[in-house]
Amino acid sequence: MGVLEFDGIVVGAGPAGVAAAVTMARGGMRTLMIEKGRKPGVKNVMGGVLYTRSITPIFPEFYQNATLIERPVVEENFWFLTKDSALKFGFRSQEFNRGVPNAFTVLRVKLDEWAAKEAKNAGALLLPSTRVDDLLREDGQIVGVRTDRPEGDIRASVVVLAEGANPFLAIKAGLVEPLKSDRLALAVKEIISLPKDKIEERFHLNPGDGATLELFGDAVGGLLGYAFIYTNKDSLSVGLGAILSDFLKNRVKPYELLENFKVHPVVKPLLEGGKPMEYMAHLIPEAGLRANPRFYADGVMVAGDAAMMVNAVHREGSNFAFASGRMAGETAVEAFKRGDFSARTLSAYERRLKESFILKDLKKYRNLTPLVERKKMDFLKTYPEWLVFAIQQMLSVDGVSKGEKEKRIKEALFKKKSLLHVASDVYQLWKAFHG
Amino acid sequence: MEEQSQSQRMKIEDKLFLVKMKVDEGNPHIFIRNEQVCLSCYDKPCTLVCPANTYTWDEANKKIVIAWENCIECAAAELLCPYSNIVWRYPRGGYGVEYKFG
């Protein structure tokens, strides 16, 4: 084949790539979407919660498609586990499932395949089974991509990199810093099949409704991360993620940690009788703005995971991907109309990111992760374990007076931390959230 | 596969059995740059953290053995190698891991 030419190329057919490609195709650009998998979705993994409003600007009808959504989330739970206890905190509201539901559980293979088909319907061309190995440059401007196909150079006026958590091309182009093992998480997950009625019974759900559980502390062996259980129609997404370097420090293999989690006395009854259907692993680029991503350059933009757009605290990523992909697409269409794909024109992409929740949230949480890293032992162990002790004391009737128990509880905390220390920790945490 | 009892810990071999792979026969996508370097690597992180147990230390032959056909493409090993001695790339387009659910 000779050198192909398009108005725009999108590398990767995940949420960011599809959002960009749909927007560009709808804007009249001849758009090519390149995907390394045999079909979109097969290489893609996420925990499993998708926020409806992140996808409706691109696909308004998405949440009415019963085959794509597993369950609307009406209840969110946060559990702190010690060796054999659990401190449970949860929130439930049927409000979440009224009108446009707030969030759904989804399975990515199905979702991504559908979304890519929608991009094709909008006029984008899909080239699957193709790995992009390099970017083509002319006078400092990106002018296309080099694929692993014979004579596989493809030219375009603009390239959107939506290559996911391991952004070889964005790193090679100097747009994103090389990944660091202490600034990204490794997650493993299983799909465990379980009958509908069992799921609804165990998670106290009305038929069709869904719940999420995030579990900390001993759920992940004290690593900086958390485990999760999300309810699908007739399966559970069960997994955990932690900072990559933490697995090494603790000399624990991710799948062993997952097995430990599955047999924890608080977790085991929820999974009992379930049949594992699939096992997977994926990186989560938690560095955020600390990786100093540049979102654009001459002829190129970076979106989604590739641009480190993840809010680890709120398990958000796919919403950043859909939104940033759309904004990259809108910027590409603008540039196309002007016939100018220089960095100056593409800087409108960063302006869009800045005006949206994306950069606002990434900025807000930039200092929180380092703080939690620094204070990991306190925030993920000392305080919650002390709370578990305190609650267990107050709930146990054993002949000891409540006054004496309160004294013991106070002593237990101040044996580990001074009052000043505790006050300073609370203040720093508050500041990190509100800074 | 037999129904997995939750009281029994699932082995990594059984987990990998659940993963659909399209292996690019004869075309590995992972290499060790210089086997000599592994000799002086103290804790060999690739053998400790890989979620598919792709890397094992062969004591008799003093080298890392890579079961690249099992790789589920997270790239953690490459990132953890203290000597940047692992050359890791995605398999050729259309090959490698193919999740059914994701």
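Confirm whether A:Ile199 is within 18 Å of the chain's Cα centre (by Cα), at pLDDT 95 or above and not acidic (Asp, Glu). Considered against the rule, which asks whether it is within 18 Å of the chain's Cα centre (by Cα), at pLDDT 95 or above and not acidic (Asp, Glu), A:Ile199 comes out as no.
Within segment A:164-193, residues that are facing chain B (nearest Cβ under 8 Å) and on the phi < 0 side of the Ramachandran plot have Cβ atoms under 7 Å from residues that are part of a helix (DSSP H, G or I) and of a type in the set (Ser, Thr, Tyr) in these pairs: A:Ser181/A:Ser245; A:Val188/A:Tyr255, counting only partners at least 6 apart in sequence or on another chain. Among the residues of segment A:300-330, those identified as buried (at least 24 other Cβ atoms within 10 Å of the Cβ), touching a residue at least 60 places away in the same chain (Cβ under 8 Å) and more than 17 Å from the chain's Cα centre (by Cα) are A:Val300, A:Met301, A:Arg326, A:Ala328, A:Gly329. The residues of segment A:74-129 that are within 14 Å of another protein chain (Cβ to nearest Cβ) and in a strand (DSSP E or B), listed by number, are A:Thr105, A:Val106, A:Leu126, A:Leu127.
If you go through segment A:337-390 and keep only what is in a helix (DSSP H, G or I), surrounded by fewer than 16 Cβ atoms within 10 Å (Cβ to Cβ) and among the charged types (D, E, K, R), you end up with A:Lys337, A:Arg338, A:Arg344, A:Arg351, A:Lys354, A:Glu355, A:Lys360, A:Lys363, A:Glu373, A:Arg374.
Per-residue answers, yes or no, for (1) at the interface with chain B (Cβ under 10 Å from one of its Cβ atoms); (2) surrounded by fewer than 18 Cβ atoms within 10 Å (Cβ to Cβ); (3) touching a residue at least 60 places away in the same chain (Cβ under 8 Å); (4) closer than 23 Å to A:Ala211 by Cβ:
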site: A:Val238; (1), (2), (3), (4): no, no, no, yes
site: A:Val252; (1), (2), (3), (4): yes, no, no, no
site: A:Tyr255; (1), (2), (3), (4): yes, no, yes, no
site: A:Leu271; (1), (2), (3), (4): yes, no, yes, yes
site: A:Met277; (1), (2), (3), (4): yes, yes, yes, yes
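Taking the numbered list (1) outside any loop (DSSP other than H, G, I, E, B); (2) more than 11 Å from chain A (Cβ to nearest Cβ); (3) loosely packed, with under 15 Cβ neighbours inside 10 Å in turn, B:Cys38 passes all entries but (3). So in segment B:91-102, with the set limited to residues that are under 17 Å from B:Gly26 (Cα atoms) and buried (at least 22 other Cβ atoms within 10 Å of the Cβ), which one is nearest to the other protein chains (Cβ to nearest Cβ)? Across segment B:91-102, the extreme among qualifying residues is B:Gly93. On inspection, A:Gly225 qualifies as under 22 Å from A:Pro370 (Cα atoms), within 14 Å of another protein chain (Cβ to nearest Cβ) and out of contact with any Pro (no Cβ under 7 Å at 6 or more places or on another chain).
Scanning segment B:38-64 for residues that are of a type in the set (Ser, Thr, Tyr) and under 12 Å from B:Cys81 (Cα atoms) turns up B:Tyr42, B:Thr47, B:Tyr55. Inclusion of A:Gly17 among residues that are within 14 Å of chain B (Cβ to nearest Cβ), within 30 Å of A:Phe228 (Cβ to Cβ) and surrounded by 18 or more Cβ atoms within 10 Å (Cβ to Cβ) is not warranted. Here B:Glu78 fulfils each of the conditions (1) surrounded by fewer than 15 Cβ atoms within 10 Å (Cβ to Cβ); (2) not in a loop (DSSP other than H, G, I, E, B) apart from (1).
Restricting segment A:62-73 to residues that are assigned to a strand (DSSP E or B) and in contact (Cβ under 8 Å) with a residue 40 or more places away in the chain, the residue that is surrounded by the fewest Cβ atoms within 10 Å (Cβ to Cβ) is A:Pro72. The condition of being touching an Asp or Glu at 6+ places or on another chain (Cβ under 9 Å) and either modelled with pLDDT of 95 or more or in a loop (DSSP other than H, G, I, E, B) (or both) does not hold for A:Gly174. Here A:Gly140, A:Gly144 are screened, and the one residue that is more than 9 Å from chain B (Cβ to nearest Cβ), farther than 22 Å from A:Gly325 by Cβ and small (Gly, Ala, Ser) is A:Gly140. The set of residues from segment A:195-217 being closer than 21 Å to A:Ala312 by Cα and surrounded by 24 or more Cβ atoms within 10 Å (Cβ to Cβ) comprises just one member, A:Thr212.
Filtering segment A:259-293 to residues that are modelled with pLDDT under 95 and part of a loop (DSSP other than H, G, I, E, B) leaves A:Pro285, A:Glu286, A:Ala287, A:Asn292, A:Pro293.
Taking the criterion of being assigned to a helix (DSSP H, G or I) and within 23 Å of A:Asp84 (Cα to Cα), no residue of segment A:231-245 qualifies. When A:Gly225 is tested against the conditions (1) farther than 17 Å from A:Ile284 by Cβ; (2) surrounded by 21 or more Cβ atoms within 10 Å (Cβ to Cβ); (3) at pLDDT below 95, the lone failure is (1).
Among the residues here, B:Ala52 qualifies as within 10 Å of chain A (Cβ to nearest Cβ), under 16 Å from the mean Cα position of the chain (by Cα) and more than 17 Å from A:Asn166 (Cα to Cα). Of the numbered criteria (1) surrounded by fewer than 15 Cβ atoms within 10 Å (Cβ to Cβ); (2) within 30 Å of A:Glu272 (Cβ to Cβ); (3) more than 9 Å from every other protein chain (Cβ to nearest Cβ), the one B:Lys20 fails is (3). Among the residues making up segment A:151-163, a single one is surrounded by fewer than 22 Cβ atoms within 10 Å (Cβ to Cβ) and within 12 Å of another protein chain (Cβ to nearest Cβ): A:Gly152. Contact map, segment A:31-45: residues that are more than 7 Å from every other protein chain (Cβ to nearest Cβ) and farther than 11 Å from B:Lys20 by Cβ paired with residues that are of a type in the set (Val, Ile, Thr) and part of a loop (DSSP other than H, G, I, E, B), Cβ distance under 8 Å, separation 6+ or inter-chain. Pairs shown: A:Ile34/A:Thr130; A:Glu35/A:Thr130.
One residue stands out among those in segment B:55-70 that are crowded, with 21+ Cβ neighbours inside 10 Å and among the aliphatic types (A, V, I, L, M): the one that is farthest from the chain's Cα centre (by Cα), which is B:Ile64.
Taking segment A:1-61 as the region of interest, the strands (runs of 3 or more DSSP E) fully inside it that hold 3 or more residues being more than 24 Å from B:Val97 (Cβ to Cβ) are A:4-11.
Within segment B:82-90, the presence of at least one residue that is within 8 Å of chain A (Cβ to nearest Cβ) and either more than 22 Å from A:Gly241 (Cα to Cα) or hydroxyl-bearing (Ser, Thr, Tyr) (or both) is confirmed.
The values are calculated or read from the model by the stated rules, or taken from the named source; none is laboratory data. Everything numeric in this text was worked out from a predicted model, so none of it was measured. Using ideal geometry, Cβ is built from the backbone for each residue, glycine included, and neighbour counts are taken over all protein chains shown.
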